[in-house]
C-alpha cells in the first residue's frame, strides 16, 4: 500500500464515520414510545382497565395539543410486584423511551428500581408511598401522592 492509497482509505473511513451518525438519527422512530404498566388482571384488574381507557385517549389529545406522536406500549402487571418488574424490563428492551406506571406502591417501587438502573424516566401516575420519591432517584417522578403532603385547614 502506498501513501496515496493509505490517504484515500483514511479519508473514506473518516467520511463513513462522520456520515454514520446521521444515519442513526434517520433510523430513530419519530414517535415517543411510552410504556404503560397497569394491573389489568388480578385483584386490581378493574381499576387498571379503567386507567387503560384514559391512557388510550392520551395520544390523540397530546398530538392535537402539542403535535407529538405517541405510541403506547401496554403491559399488564397482573397485580404482582415481580410481574411488574419483569414487564418494565421487557418494555425498556423493546424500546420504550419512558414508563408510566402502576398505582400500586409495591409495583411502583419495583419499577422505580428498574427505571433508575436503566436510566429511563418513570412517571408514577396515581399514587405511591412517599418513600419511593424520597430515595433520591433521578429518573422517577410522582404526579400525585396520597395522602397529600398538605393538610387542609378546617
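Can you find a residue in region 107-116 that is outside any helix (DSSP H, G or I) and surrounded by 21 or more Cβ atoms within 10 Å (Cβ to Cβ)? The answer is no; no qualifying residue exists. Being part of a strand (DSSP E or B), at pLDDT 90 or above and over 11 Å from the mean Cα position of the chain (by Cα): is that true of residue 75 here? Answer is yes for this residue.
Of 60, 35, all but one fail to be farther than 22 Å from residue 115 by Cα and assigned by TED's automatic domain parsing to the domain that holds residue 89; the exception is 60. Output the number of residues of region 29-40 satisfying the condition of being part of a loop (DSSP other than H, G, I, E, B) and buried (at least 16 other Cβ atoms within 10 Å of the Cβ). Here the count works out to 2. It is to be established whether one or more residues within region 120-128 are assigned by TED's automatic domain parsing to the domain that holds residue 49, under 18 Å from residue 52 (Cα atoms) and at pLDDT 90 or above. Looking through region 120-128, at least one residue is assigned by TED's automatic domain parsing to the domain that holds residue 49, under 18 Å from residue 52 (Cα atoms) and at pLDDT 90 or above.
The values are calculated or read from the model by the stated rules, or taken from the named source; none is laboratory data. Keep in mind it's a predicted model, so treat the numbers as computed, not measured. Note: ideal-geometry Cβ built from the backbone for every residue, glycine included; neighbour counts use all protein chains shown.
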